[in-house]
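**Q** I have a structure here, written as C-alpha cells, and I will follow up with some questions on it.
The values are calculated or read from the model by the stated rules, or taken from the named source; none is laboratory data. Quick caveat, the model's predicted, so the values are computed rather than measured. When we count neighbours, we look across all protein chains shown, and the Cβ atoms used for this are built from the backbone with ideal geometry, even at glycine. Only protein heavy atoms, including side chains, enter the accessible area calculation; ligands, DNA and RNA are left aside. Shrake-Rupley method; radii C 1.70, N 1.55, O 1.52, S 1.80 Å.
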Amino acid sequence: MKTALVTGGAVRIGREISSALAGLGYRLVIHYNSSARPAEELRDEIVGRGGEVAIIGADLSDDAEVRRLASEAVDAFGGIDLLVNNASVFPSERLEQTSEELWDHTLAVNLKAPFFLIRHLAPTLRERKGTVINLADLAGMQAWAAYAAHAVSKAGLIHLTKVAARNLAPDVRVNAIAPGTVLPPENLTEAEIAELARRSPLQRNGSPQDVVRALLYLVEADFVTGETLVVDGGRLLRG
C-alpha cells in the first residue's frame, strides 16, 4: 500500500486531494497548520471508511518544523511514495506594500518549505520510485502585480519543479499543477467571480475536482516529469 503526504491537506483543494487519494487506497499523512479541527474531522471520516490516516501539525515557515514534518511523515507508515506540496499563503500586496516580514513568510511557506520537504524526503522517494506534485497557480506564469510576493514564490515553485525533476531522475518524477479559478478567494463578490469566468475562453470557472483529476493523471503518467500542467479553462491564452 502506498503512502502520500499532502501539505495543507485538510481544507479547500488539499481536502479534495486527500479524500481522492484515500479513495484510491493511499495511506495518508495530512499536514495542517491552523486547521487542526478540519484535519481531525477528515481523519475520522477517512478512517470511518476503512482508510489509514496520520495528521501532523507544523508551521511551514519554520525550518525546524519542516524537518520534523518530514521525519514524522516517514515514521507514520514507514515511508512516502507521493509528496503533494499543496500548502500555500496568498497575500494580496503590491510590490511597494510588501514588507520584508511578509516577503520572508510567503517565500518560506510557498517555496522554501516545498524545496526542503523534497530534499528531506528524497531518500524515501528514491527508494520507492516515488512522485512529487507541486501546486502552483497562474501567478507563477503571469505578472500578478497585486500579489507580488505570491507571484514570485509560485514562479520559483514552477522552476523548482524542473530543477528537482532533473536532480531526482530517473528514480523520482516531479511535476506541478497550475490551476486557474477553481476555488475563488472567499472575499470575492458574486460579480467578481462571474467576471473571472468571463475572462476564460471556456466562459466558466472550474472546480477543485478539475485539480484532482489533473493530479491523478500526473500520479499515473510515468513518462512525464518536470512539467507544469495548466488547468485554467484556457485563461492563460488571454495573457
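**Q** At most 16 other Cβ atoms within 10 Å plus a DSSP loop assignment makes a site exposed; report the longest stretch of the chain without any exposed trypsin sites (Lys or Arg not before Pro).
**A** Longest gap between qualifying sites, sites excluded: 130-203.
**Q** To continue, here is another question. Roughly what would the spin-label model give for R204 and R119, points 7 Å off Cα along C-beta, in nm?
**A** Result: 4.4 nm between the two label points.
**Q** OK, next. With charges set only on the Cβ (+1 for Lys and Arg, -1 for Asp and Glu), what does the dipole of segment 1-160 come to about its Cα centre, in debye to the nearest 20?
**A** 640 debye
**Q** Report the local net charge at L202: Lys and Arg +1, Asp and Glu -1, summed over other residues whose C-beta lies under 13 Å from its C-beta.
**A** +3
**Q** With unit charges on the beta carbon (Lys/Arg positive, Asp/Glu negative), name the residue among A145, H31, L202 whose Cα is farthest towards the positive pole of the charge dipole of the chain.
**A** Positive-most Cα among the choices belongs to L202.
**Q** Multiply the residue separation of R126 and H159 by 0.36 nm, subtract the distance between their alpha-carbon atoms, and state the gained length in nm to one decimal. Mind showing how you got there, number by number?
**A** On the way: separation 33, 0.36 × 33 = 11.88 nm, distance 2.05 nm.
The R126-H159 span can extend by a further 9.8 nm.
**Q** Further question: In whole percent, and with a 1.4 Å probe on the protein chains, what portion of the accessible area of the chain is carbon and sulfur?
**A** C and S fraction of accessible area: 51 percent.
**Q** Related question: What is the gain in length, in nm to one decimal, between L183 and D62 on full extension, counting 0.36 nm per residue of separation less the C-alpha to C-alpha distance?
**A** Values: separation 121, 0.36 × 121 = 43.56 nm, distance 2.72 nm.
That works out to 40.8 nm of additional length.
**Q** If I take R0 = 22 Å and measure r between the Cβ atoms of E192 and A145 in this structure, what FRET efficiency does the formula 1/(1 + (r/R0)^6) give, to the nearest 0.05?
**A** Between E192 and A145 the formula returns 0.85.
**Q** Given a 1.4 Å probe, how much area per residue of the chain is accessible, in Å²?
**A** Dividing the accessible area of the chain by its residue count gives 49 Å².
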